[in-house]
Amino acid sequence: MNFTAIDFETANGKRNSACSLGLVRVEDGIIVESKEWLISPPEMYFHPINISIHGITEEDVADQPSFNYIWEEVEDYLHGNMVIAHNASFDIGVLRACLQTYGLSNPDFDYMCTVQISRNLWPNMPNHKLNTLAHLFDIPLKHHDALEDTLACAKIAVKACTTMNANSMEELASQIKIKPGKLYHGGYQSPKKYK
């Protein structure tokens with residue numbers, strides 16, 4: 001059960017405005033590494049709504065690197081690995097927009113979404129928001145902190161595999177009939193449910 005979980009926070013409504021990234025590496029179902037970066041977005045505009053959600057301001061990132069300077073380190077965790085995110089369409093969209101902004105090539109990886117996984121496994125929950133799942137599974141969470149969100153996402157993915165006795169995210173995907181999404185040089189495919 002090996003994968004990398006990610007979570008982005010953004011400065012404003014633009015997908016390329018990543019201001020924080022959390023990353024967690026899981027090997028054999030155990031969290032072995034966690035990292036967090038503050039990021040200086042290409043346009044230094046933080047919308048008040050975004051600030052109210054994550055608490056990050058222009059001042060917090062003024063001296064931080066832009067995405068292109070952290071990418072080489074981040075890419076090592078993503079390329080060729082299974083990548084997990086909660087509401088993955090958002091996080092993969094942010095990643096793609098940041099790569100495009102700086103003229104960087106997409107890495108190659110498969111990805112899955114813990115919202116989609118939890119809807120399949122636990123359909124009777126009140127909702128499938130990260131904070132709801134974290135509360136129900138007794139996972140500590142300071143919501144909208146990129147690293148905290150990533151840790152919770154990783155633990156939910158492990159819980160899903162344990163629930164289904166799956167030894168990998170790929171095996172879980174097969175059991176719950178989800179074809180993982182793909183990011184690759186030149187494009188992407190979203191995860192799909194099949195019958």
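Things to note:
- Working note: 222 nm ellipticity from helices only, DSSP H runs with n ≥ 4, each -39,500 (n - 2.57), summed and divided by the residues of the chain, gives -11500 deg cm²/dmol to the nearest 500.
- Looking at segment 1-124 alone, DSSP beta bridges between its own residues are antiparallel in about 75 percent of cases.
- The loop-placed GluC sites (Glu not before Pro) in segment 1-48, going by DSSP, that have at most 14 neighbouring Cβ atoms within 10 Å of their Cβ come out as E43.
- Extreme residue, positive dipole direction of the chain, given options N120, I156, Q100 (C-beta unit charges): N120
- Convex hull volume per residue for segment 3-193, taking Cα atoms only, in Å³: 110 Å³
- For N127 and D63, the FRET efficiency from 1/(1 + (r/R0)^6), where r spans their Cβ atoms and R0 equals 45 Å, is about 0.75.
- The H143 and N2 beta-carbon pair, evaluated with R₀ = 41 Å, returns a calculated FRET efficiency of approximately 0.95.
- Relative contact order, whole percent, for the chain stands at 24, derived from Cα pairs under 8 Å and 6 or more residues apart.
- In summary, the lysines within cross-link reach of K182, defined as a Cα separation below 16 angstrom excluding same-chain residues under 8 places away, comprise K192, K193.
- Residue exposure sequence - S34, S20 - by fewest surrounding Cβ within 10 Å: S34, S20
Only the coordinates and a few stated rules stand behind these numbers; no lab work does. Everything numeric in this text was worked out from a predicted model, so none of it was measured. Cβ coordinates were reconstructed from backbone atoms using ideal geometry, including for glycine residues, and neighbour counts include every protein chain displayed.
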